[in-house]
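Everything below concerns the one structure shown next.
The values are calculated or read from the model by the stated rules, or taken from the named source; none is laboratory data. Computed from a prediction, not measured in an experiment: that's the story for all the values here. Because the Cβ atoms are built from the backbone with ideal geometry, glycine has one as well, and the counts that use them run over all protein chains shown.
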Amino acid sequence: MSSKIGLNLTRNYSINFNVPKRTKKNIKFIIIHYTGMKNESEALKKLCDSKSEVSSHYFIKNSGEILSLVPDLYQAWHAGKSNWKNFKSLNRYSIGIEINNPGHEFGYKNFKSKQILSLKKLLKNLILKYKINTNYILGHSDIAPNRKKDPGEKFPWKELAKNNLCNWHNLNEKSIKKFRKQILNFHQENAFINNLFKIGYPRNIQKSVIKAFQRRFRQDLIDGKIDKECFLISKNLLKT
C-alpha cells in the first residue's frame, strides 16, 4: 500500500497503542531504536503481538522496506520509562522507528545502507509534517540511558546530521582526539554535567548516562569516563 505523502509504506498493523488520538502539535520527538533480536521476522512478530505490549510507528527491514505499524497520531509503546529535558514518558510526544538489527546481545552489526537511505527519507517526511526540531531526534539510549543501548555506537548519527536530520557537533574529530582521556578539574567536571543536563540528559549523571552521550557523540570510545574530549563536545553542542 503506497502512502500519499511520498513514501512507499507497507501497512502491517499492530494493536499495541493507546487511544484516543493525539494532536499533531503533541508530536515533538522522533525516537530511533534497533530491534535487538536474532531475526527480522521474530522482531516484527513481537512488535505486532498483543502479549508483548511493545510496538513502534515504523519498522525498517533489512531490505530498506518501511512498514507502518501504528498510525502517527496514536501512542505506540516504544519508549517506556523515559525522559528528555522536562518531558517524561516520551511515548506521549514521540514517533518511534525500529530498525532491524540484532543489537549488542546478538552480534551487533553495521546498519545496512538501504536501511539508512529509507530512514533519511522517512525522517525528512516526518520533520516536515510535524515541524520536528532536529535536536529532538534521539536514540532510545538518550532518553533511557539506564536501560537501553540502542541504536548504539554503529548508528550513523553524523551522516544524518550532514543531511540536517539530527544534532551533531561541528568540531574536527582528529583535532579534539588529543584531549581524549585528559582528566577534568572539579569545575570542568561540574560544567560537563551541567552541559549534559542542558542538552537534555538527566541531572543525576551516572556512568550509563556518560556512555549514552558517548554512543551518540563519541562513538569510537564508550568507556563511561568523563574526559576533556567529551567536555569540548558537550560545550560545542550547546552552540550548534
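Here is how the numbers come out for the structure above:
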{"read-out": "Set ASN172, ASN204: member being modelled with pLDDT under 95, out of contact with any helix residue (DSSP H, G or I) (no Cβ under 9 Å at 6 or more places or on another chain) and of a type in the set (S, T, N, Q)", "value": "ASN204"}
{"read-out": "Filter result (touching a strand residue (DSSP E or B) at 6+ places or on another chain (Cβ under 8 Å) and either surrounded by fewer than 21 Cβ atoms within 10 Å (Cβ to Cβ) or in the same structural domain as SER141 (by TED's automatic domain parsing) (or both)) within the stretch 182-240", "value": "GLY200, PRO202"}
{"read-out": "Subset of the stretch 125-156 [under 15 Å from the mean Cα position of the chain (by Cα), closer than 24 Å to ASN62 by Cβ and surrounded by fewer than 21 Cβ atoms within 10 Å (Cβ to Cβ)]", "value": "GLU153, LYS154, PRO156"}
{"read-out": "Answer residue from the stretch 38-67, given it is crowded, with 20+ Cβ neighbours inside 10 Å and more than 15 Å from GLN115 (Cβ to Cβ) and is farthest from the chain's Cα centre (by Cα) among those", "value": "LEU47"}
{"read-out": "First in the stretch 50-65 and basic (Lys, Arg), second anywhere and assigned to a loop (DSSP other than H, G, I, E, B), Cβ under 8 Å, 6 or more apart", "value": "LYS61/ASN100"}
{"read-out": "Qualifying residue in the stretch 233-240 (condition: assigned to a loop (DSSP other than H, G, I, E, B) and touching a Phe, Trp or Tyr at 6+ places or on another chain (Cβ under 8 Å))", "value": "yes"}
{"read-out": "Selected residue (criterion: farthest from GLU42 (Cα to Cα)) from residues of the stretch 78-133 that are of a type in the set (A, V, I, L, M, F, W, C) and part of a strand (DSSP E or B)", "value": "PHE87"}
{"read-out": "Output for the stretch 34-55, where each listed residue is under 21 Å from ASN110 (Cβ atoms), of a type in the set (Ser, Thr, Tyr) and in a loop (DSSP other than H, G, I, E, B)", "value": "THR35"}
{"read-out": "Selected residue (only one of GLY152, GLY96 is on the phi > 0 side of the Ramachandran plot and outside the structural domain of ILE199 (by TED's automatic domain parsing))", "value": "GLY152"}
{"read-out": "For ILE31: the one exception among (1) more than 26 Å from ASN133 (Cα to Cα); (2) part of a strand (DSSP E or B); (3) aliphatic (A, V, I, L, M)", "value": "(1)"}
{"read-out": "Cβ pairs under 7 Å, 6+ apart, first in the stretch 190-212 and in contact (Cβ under 8 Å) with a residue 60 or more places away in the chain, second among the basic types (Lys, Arg)", "value": "GLY200/LYS85"}
